1. For region 529-535, take each phi angle, set θ = phi - 60°, evaluate the Karplus expression 6.51 cos²θ - 1.76 cosθ + 1.60, and give the result in whole Hz per residue in order, putting x for glycine and proline.
2. Taking amide H positions as placed in the peptide plane 1.01 Å from N, state which residues far from residue 326 in sequence (5 or more) or on other chains have amide H under 5 Å from it.
3. What nm distance separates the two modelled labels at residue 106 and residue 130, each placed 7 Å from Cα along Cα→Cβ?
4. Given H placed 1.01 Å from N in the peptide plane, which residues other than close sequence neighbours of residue 421 have an amide H under 5 Å from its amide H?
5. Among 410-421, 33-44, how do they line up from the highest to the lowest mean number of other beta-carbon atoms within 10 Å?
6. I need the calculated FRET efficiency for the pair residue 806 and residue 482, taking r as the beta carbon distance and R₀ as 60 Å, to the nearest 0.05.
7. Quick one: which residues, 5 or more positions from residue 117 or on another chain, have an amide H under 5 Å from its amide H? H modelled 1.01 Å from N in the peptide plane, none for Pro or chain starts.
8. Can you work out the Karplus-derived ³J(HN,Hα) for every residue in region 833-850? Use 6.51 cos²θ - 1.76 cosθ + 1.60 with θ = phi - 60°, whole Hz, and x for glycine or proline.
Amino acid sequence: MRNNSNENEWDVALEQLKKSIPQYITGLHPKVYASIEFSYIHLKCEQAKSCFLLCCLFREDYDIRIEDLVRYGVGRRLFVDIDTIAEARGRVHAIVHNLKRSNLLLDSEEKVFIKMHDIVRDVAISIASRDEHSFMVRCDVGLEEWPQKDTYEDFAAISLMFGETTKHPEGLNCPRLQLLRLSPSHFGLQYLDMFPPNMFDGMKELRVLSLESTHLKTLPPSIQVLKNLRMLKLEYFSNELKNVLVIGALEKLEMLSFCGSWIEELPKEIGNLRQLKLLDLSGCFTLQRIAAGVLSRLSRLEELYADEFDNWKSTGENGGGTNNASLAEIIPYSHQMMALDISLPSIKFLPQDLHFKNQKMKFRIRIAPQGLHFKHHRGLENPSEKRYFSEDELTLHGDERDIVEKRVNIAPLLDKSQVLELKMKNSKTILHDLDRNGFPCLKDLKLYECEDVEYLLDVRPDDTRHAAGFPLLESLTLNGLANLKEIYHSKVSERPLSSRGALNNLRSLQLHMCKSLKHVFSVPIVSSLVQLRQLDITWCQNIEQIFSLEGREHKKAFFEINLLKLAKMRFFALPMLVAFCKEMDPVEHPQSTTQTSLYQEIKGSATEVTSVTHKLFSSNTISWIPNLEELEVISNTLQHQFGEVSKIEDIWVRNSEPKKTKKKMDTKLDSRAQGSSVVRDSPDFLGGCLESCVPHRKNYTQVVVSDQSISKRSKGRSSIGQTKHYKHGQIPNDPASTEVTLTKQEPSVTEETDNQVKIWSLIQSNLVESLQDLEKLDVHACDLLEVIFQLEGLHVKESLVFDNLTELSLLFLPKLVHIWKKGPQEIRGFGNLKILRVDGCGSLKYLFSPSVAKLLVKLEKMEVTDCNEMNEILAKGLEGDEEKRKVIVFPQVNSLLLKNLPKLKCFCNEANAFEWPSLETIRILKCNSLKIFVPTEMKTPNLQGVYAEAYWGTLQPMVGDLNATIQHIIVKGKADSNDEGSNEIYSSSSSE
């Protein structure tokens, strides 16, 4: 009724709903039943109702393959007005879409599956069990025997799930039965070994038979009486089926599936199935032989799935056994083929006369040496998840010269391919060597180990066709292209190519181990990247920049670049990367100065070092990516600074341990930092790496107040820099600053002094406005970081801070002393923080102050672990401060973990009343100094009991409040046990 605007029809529907008499189902409210049944009744067509009822044949919370609905529906003749299985598939997908819009079905994690809510399923089973449908469904538990019934004569569909010892009756009489589905309670049960030989004698009207996941070795002889069977599903049989040839007697069979089963041979008797439209051999890894002549006799075949079989008979001299089938057998009816999923050991096995003229046919063809085709990249994926495809896919491994010889055969596939995977030798330019039409339909291109490729696109003068190559390409993956020089190489006109179409639709680019590549994009192709959303670059050891100007004549064009849709970037192991665009963000190389490294400060020596300032983004380049949401940088050297990134939602910046390399780089020739174990002592993602993150429209002065080194390293060591001050507009040449305070222009600046406090802070007050969209912050292994949020100097009018932040994780920060440091008493913000996780912060003495605690109104989960100096969670309020309150409330906290806090004496040492209205679980582990939780009353209405280590598994009911319960466990533990640590671990939980 969603799109029905007729008022009278709505009135009638309302009356029907009021007068409906729902069937009683235990635990289900009658009104819920009536509402679901009402939605079912008002489905527009009988086909939709039938598909809906088919979904109840599967167990609760099952991932239902949409393809199963297609094949069951075709087998039961639900679609009388369709000519091909492909048409039925389109019909079912449309029906499923409408059922989901009616809330009768749900999406699953994979798009090839759907789910049915357990309540909807209960109603569906109730409806399906009525006389007009006559379903019997028992597939929630493994049955020991068939359900006891006086008769099975009236059932039209039966779905049962069996256990290990199920007994199957003999001589069942099911004259109306059209569908039988038998499945095990778990994979690999041998329940069908006891299948009676005459099991199917009384099921002569059976149209759909589905047997799954068994150890059955022999099909019951009575299967031959099923002369009306249209669909036979024998999937995931874990023992070899010996008598497959009996299937040849099923003359009306239209669909046959052995998906995932152990069969070695498809015998010649299968050729007797003259009505067969679909043959599914997906995932049959053991299949060695398809008898010669079988395929040629299947003259009505529309769909063939044989992804793991590649032992085809060749049309040339290097063919397989003469007793095997050849692809040439399908040539006479190739015009009617609607789906073809095959693997070939080389392109020579593709018949010369096999033309793919049917424009509606979908194909997935892998041409690769035996053992190296699809399974190489798929791993252990479920075959059923990959066997049904909606896009044309081609995998092509081999020598470019052999492929050129077969150009007539392969050209139609290349022109139609939407997904293309290539691994080629002797090809320098993919577009020129392989295709003449610019891959007009291609959406996803993957190149693996094409070691000779120098250019993906090499556009030559007057080559207008290739200038617009890959017009529909959305995803591009280049992996292991050792000699790749450029993605797009052009000598044609420098006018923007956006109107021509080259890479105009590119959304995702992944580069991995392209060691000759020095930049990713250059003018003029960059102006076409209007759809780019994701950039992932890893292990490209010589990349220096992402975008290259290639000469000053292009600089004007770069000011017009706008990558509005680029939202996610990941850079991993790019040791030479110095800038997003070097010409726009010049790297500064100051003169050598004598500095003291962190290591040398301890040893008392000094050395001469050369500093290099690398700013990943500047005010110029950062304006190209105004909607960037996620930035991940993982590197050995981590020497970059980040520019103004105003819409970041996720930031991940981590140091990785350096790896030893066989070839040592000459530091005299390379001024960049070399990796070492001291790299961890130079955490780049501190104040310095955010130094230009403040919008440049404001009048800020850069004032360096810390003198710790961030990116200056020589010979693998971190260097201590000198404190410097910069006037408005200056960019510091000395990258030694790790805390940079940006404040509004003042008449004077702080004087330089030898007694300045060294504080390394992550986010300072002047950066708050630029990071207001931040949703998740993860800070990991920054050894010198002391402050997370430096709020001193925050202006009240800007004090609604980080109100979109929902998760904060601080891990292994040994020098962290403040999460929140100073700030105006009127501060507002952090109102949506839900998860606070602190682990391995050995210098942290408290978590937050009362003024911060009052902001955390949405906090749900707190975890504090391995903080050796933690004395209390909530610090004392300052004397005379209005922040001190009589009652402190954590309204939504439901889970609290305190673990390995040896100095923790209490949660709070002040005599404030505490209220925890939502608290359900507390775990307090190895907090040896804890004697009391708070020194005053505490309300925890949902907390039911406490566990101690010595009584793990036995609930100690609350003895008064939490304070009294903890003390009771301590006393009881000392009295009852002398085991070490018997009263060191406490865990309390709400009753389950």
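The values are calculated or read from the model by the stated rules, or taken from the named source; none is laboratory data. Note that the structure is a prediction, hence the values are computed from the model and not measured. Methodologically, a virtual Cβ is constructed for each residue, glycine included, from the backbone with ideal geometry; neighbour enumeration extends over all protein chains shown. Accessible surface is based on the protein model in full, side chains and every heavy atom, while ligands, DNA and RNA are left aside. Shrake-Rupley method; radii C 1.70, N 1.55, O 1.52, S 1.80 Å.
1. 7, 6, 9, 4, 10, 9, 10
2. Amide H neighbours of residue 326, under 5 Å, 5+ apart: 293, 313.
3. 2.5
4. 394, 395, 396, 446
5. 410-421, 33-44
6. For residue 806 and residue 482, the calculated efficiency is 0.90.
7. Placed amide hydrogens put 106 under 5 Å from residue 117.
8. Using θ = phi - 60°, the values come out as 5, 10, 10, 10, 10, 10, 9, x, 9, x, 9, 6, 9, 8, 8, 7, 8, x Hz.
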